[in-house]
Amino acid sequence: MADKLIIFDTTLRDGEQSPGASMTRDEKLRIARQLERLKVDVIEAGFAASSNGDFESVKAIAQAIKDSTVCSLARANDRDISRAAEALQGGASTRIHVFLATSALHMEKKLRMTPDQVFEQAKQSIRFARNLSGDVEFSPEDGYRSDPDFLCRVLEAVIAEGATTINIPDTVGYAIPELYGNFILDLRQRIPNADKAIWSVHCHNDLGMAVANSLAGVKIGGARQVECTINGLGERAGNCALEEVVMAVRTRRDYFGLDVGVDASQIVPASRLVSQTTGFVVQPNKAVVGANAFAHASGIHQDGVLKARDTYEIMRAEDVGWATNKIVLGKLSGRNAFKQRLNDLGIELASETEVNAAFAKFKELADRKSEIFDEDITALVMDESVTAEQEHYRLLALSQHSEMGERPHATVAFAAGADEFHAESDGNGPVDASLKAIESKVQSGAELVLYSVNAITSGSTESQGEVTVRLQLGGRVVNGVGADPDIVVASAKAYLAALNKLHSKNDRVAAQG
């Protein structure tokens, strides 16, 4: 494995722990299929024991994915491990990922266990997992802040019990690159059986160094697996960004001397899909996948790039999946062309009924918007993919009046289950009036903690607007996303989408960082 870097994607598990980023089973499956097209080595599909919903998601992904290893997280106990094994059963290639905290702080305050108890539980859990799977990963949670002597003792024991991958998490983003790299190197040099396992890094971005720490763990520490997420998604400040690690190793192969199996041309499609699914907009200046990542505004830069691209570009935009926005379909396009484009974009709908419904939405959009781009189709299908059971609230109609010097007014019709409601309200603007009208009937009591607007395609006032609404209620945080050429309609859709998630009461539990 000396020349191969394993890419372990945890977007569907650790990434989903971002407040408001929880996904449905179908959304997870769609992203998993894109990760398979991206050719990531391992997909951490979820935490099977955390909820019935996560169990079903892991099970569906394990059955659907053939070219990547599918992994489930499990706490270091028999119940969690058994549940993970059950969810993964029948998968082409699977892994159980067991974690247990090893730092003095976590053992005392969180686990309320002695070091000897943690040592024994770690050993026993890996022994149990190894009987259920030939591929077992162990993570000492808060490993970087653990006592090195105790950590060596635990890791030597779990390797002896059959752990095939050892992951060293910087759970709270406390590490510094040089120190983190040397920490892993020291562990590998001190543990007699270290060569019996692949070493892995899992870094959080609290100090903005998740990618740097991960790469230091690879270059200095000798790790050969990086745990990361699309767009750096994750709780708090996020995780190590997959796209940055992959392109750093590819671009600077002269330094790292490693190969990655990822199909980099699928990076931008994966980034867009995750962003549209979760409602977490990618910042324009984000490395590799940001809208400005390959833009040149300076005259000097533009002149240089026109003469020779490598004067200011160390990567080619097309290599990571960027392409000139190309019109692919219009209002005269037929159903077969639409279906083929869905296939080209890697979008699989469950039935012909769903295809027909999406096509009807496409024709409706094409009547309002002359140029239909790939991003429009993805947003349209994402909007259409919510099932009737999940979509308790549905927007039926909206009208609003806004005039300079007058207070805006909105009238909204929406369904809540089998009931239909009509509401109207004034507001500080047409969006405010529309959302107040909805809330006057729903009376959710939720607090609006985020409202953001993003153009789905750039360079045109005709672009669809994509609105993200984040609501908080009783400790739960949910995101809703809506897309429409009319920003007010998109806002109402997003608000109702967030209310649907609150209504679903999809329970989740916190897991390893």
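The values are calculated or read from the model by the stated rules, or taken from the named source; none is laboratory data. Note that this is a predicted model, so its numbers are computed, not measured. Note that each Cβ is placed from the backbone with ideal geometry, even for glycine, and that neighbours are counted across all protein chains shown. Only protein heavy atoms, including side chains, enter the accessible area calculation; ligands, DNA and RNA are left aside. Shrake-Rupley method; radii C 1.70, N 1.55, O 1.52, S 1.80 Å.
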Which of the following residues is touching a Lys or Arg at 6+ places or on another chain (Cβ under 6 Å) and either crowded, with 17+ Cβ neighbours inside 10 Å or at pLDDT 95 or above (or both): Thr69, Thr114? Thr69
Scan (1) open to solvent by 10 Å² or more (accessible area, probe 1.4 Å); (2) modelled with pLDDT of 95 or more; (3) among the small types (Gly, Ala, Ser) for the single condition Ser57 breaks and write down its number. (1)
Looking at segment 353-400, which of the residues that are more than 18 Å from Glu27 (Cβ to Cβ) and among the polar types (S, T, N, Q) is modelled with the lowest pLDDT? Ser370
Considering only segment 283-314, state which residues are modelled with pLDDT of 65 or more, open to solvent by less than 80 Å² (accessible area, probe 1.4 Å) and within 26 Å of Ser463 (Cβ to Cβ). Pro284, Lys286, Ala287, Val288, Val289, Gly290, Ala291, Ala293, Phe294, Ala295, Glu313
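Considering Val172, Val158, which residue is farther than 22 Å from Pro192 by Cα and not in a strand (DSSP E or B)?
Numbers: Val158 fails: farther than 22 Å from Pro192 by Cα.
After ruling out the rest, the residue left standing is Val172.
Does Leu179 qualify as being more than 23 Å from Val42 (Cα to Cα) and modelled with pLDDT of 95 or more?
Working: more than 23 Å from Val42 (Cα to Cα): yes; modelled with pLDDT of 95 or more: yes.
In short, yes.
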Suppose the filter is farther than 21 Å from Asn239 by Cα and either without any contact (Cβ under 8 Å) to a residue 60 or more places away in the chain or surrounded by fewer than 21 Cβ atoms within 10 Å (Cβ to Cβ) (or both); does Leu185 pass it? yes
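Tell me the residue from Asp259, Asp263 that is farther than 16 Å from Asn167 by Cα and either of a type in the set (A, V, I, L, M) or in contact with a strand residue (DSSP E or B) (Cβ under 7 Å, 6 or more places away or on another chain) (or both), please. Step through it out loud before you land on a result.
Working: Asp263 fails: either of a type in the set (A, V, I, L, M) or in contact with a strand residue (DSSP E or B) (Cβ under 7 Å, 6 or more places away or on another chain) (or both).
Result of the check over Asp259, Asp263: Asp259.
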Of the residues in segment 241-278, those that are at pLDDT 95 or above and touching a Gly at 6+ places or on another chain (Cβ under 7 Å) come to Ala241
Can you tell me how many residues within segment 470-513 are more than 24 Å from Glu375 (Cα to Cα), at pLDDT 85 or above, in contact with a Lys or Arg (Cβ under 8 Å, 6 or more places away or on another chain) and not in a strand (DSSP E or B)? 1
Please pick out the residue among Ala237, Ala212 that is surrounded by fewer than 20 Cβ atoms within 10 Å (Cβ to Cβ), under 21 Å from Phe183 (Cβ atoms) and touching a helix residue (DSSP H, G or I) at 6+ places or on another chain (Cβ under 9 Å). Ala237
